[in-house]
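Have a look at the structure below before the remarks.
Bear in mind that the values in this text are calculations on the coordinates, not laboratory data. Only a predicted model underlies this, so the values are computations on that prediction, with no experimental measurement involved. In this analysis, Cβ positions are derived from the backbone assuming ideal geometry, glycine residues included, and neighbour counts consider all displayed protein chains.
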Amino acid sequence: MIPAHRTAAPEIWRHGARVPGAVREIPEETPLAITFNRETYAVMMGTPADLADFALGFALSEGIVTSPDEMTGLQVLELANGIELRMELPLALLERLTKRRRRMAGPTGCGLCGIDSLAEASRAPKLVPPEGVFAAAAITRAMRAMEPLQTLHAATRAAHAAALWLPGQGIVLLREDVGRHNALDKLAGAVARAGIDPSQAAVLLSSRVSIEMVQKAAMLGAPLLVAVSAPTAHAVRLAEAAGMTLAAIARADGFEVFSGAHRIITEAAAHVA
């Protein structure tokens, strides 16, 4: 399989002069054809790693399947000009494809390319489970713990991460990709394949929060979404509609809560509970 990153030897200039430099690692970016029953549904650019997770997570996020059991086959096939993620569905599920069908050549991180209506771009999110409380200090520690686990980003300084954090257990899964949407789809697939219940978990993001990130986190079923960067106004409205707690601008000393603040408590309160 194509490696997730490769070595490059760039020519380095500083202050208008060429200076000696070392080699660096840069992430690979590969066309990924997502097919169902041998018909292309989407073509994305992404990092060639954890692709079975990505295929399943994409299908779950799109609402094509609701669990891994609904899929009758999944193959990752390296071809001459890219990688095909070949999924097989029973005929009864093919109707979902016609309702949500899109053909797109998506640049890295493109979350809404090719959809065919404004209504689809602003579709109502899935409601997240109502339960779950989270200690503020524990959330800050979780965000700090995410960085050392980002091995692709550590090597290249050019990848996003999405992680699943369970209070009392820590970060149980993390996936990376050059595209932030792809990283979250990979995480969703990994969660489903591992059989983890996300109803009291948090999704942690190394990126900003736009509407499709909220939609994908809601489809996953996590009640808390925490991100390093700020959300868009539309993302906040969507999180409110989903009943989701959205925290962003996460820094070493804390974060800001934009929706669902009732789930955030002090550590002392968490110990009492």
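Quick notes on this structure:
- √(5λ) per eigenvalue of the Cα gyration tensor, segment 1-96, largest first, Å: 39, 12, 10
- Summing charges over all other residues whose Cβ lies under 12 Å from the Cβ of Ala136, with Lys and Arg as +1 and Asp and Glu as -1, gives -1.
- Length gained on full extension, Gln169 to Ala22: 49.0 nm, using 0.36 nm per residue less the C-alpha separation.
- Cα centroid separation, segment 149-184 to segment 31-86 (Å): 19 Å
- Counted over the chain, the DSSP beta bridges are approximately 70% antiparallel.
- Geometric descriptor of segment 200-251, per residue, is 60 Å³ (volume of the convex hull of the Cα atoms).
- Were the residues from Asp69 through Ala194 laid out at 0.36 nm apart, the gain over their Cα-Cα distance would be 43.8 nm.
- Taking other Cβ atoms within 10 Å as a rough exposure proxy, His234, His262 sort from fewest to most as His262, His234.
- As computed over the chain, the Cα convex hull volume per residue (Å³): 149 Å³
- Ellipticity estimate at 222 nm from DSSP helix runs (n ≥ 4, -39,500 (n - 2.57)) divided over the chain, nearest 500: -8000 deg cm²/dmol
- For Glu267, Glu11, order by how many other beta-carbon atoms lie within 10 Å, fewest first: Glu11, Glu267
- Of all DSSP bridge pairs formed entirely within segment 169-272, close to 35 percent run antiparallel.
- Burial order of peptide ranges 65-74, 129-138 (average beta-carbon count within 10 Å, highest first): 129-138, 65-74
- In segment 141-233, the C-alpha radius of gyration followed by the widest Cα-Cα span (Dmax) gives 12.0, 33 angstrom.
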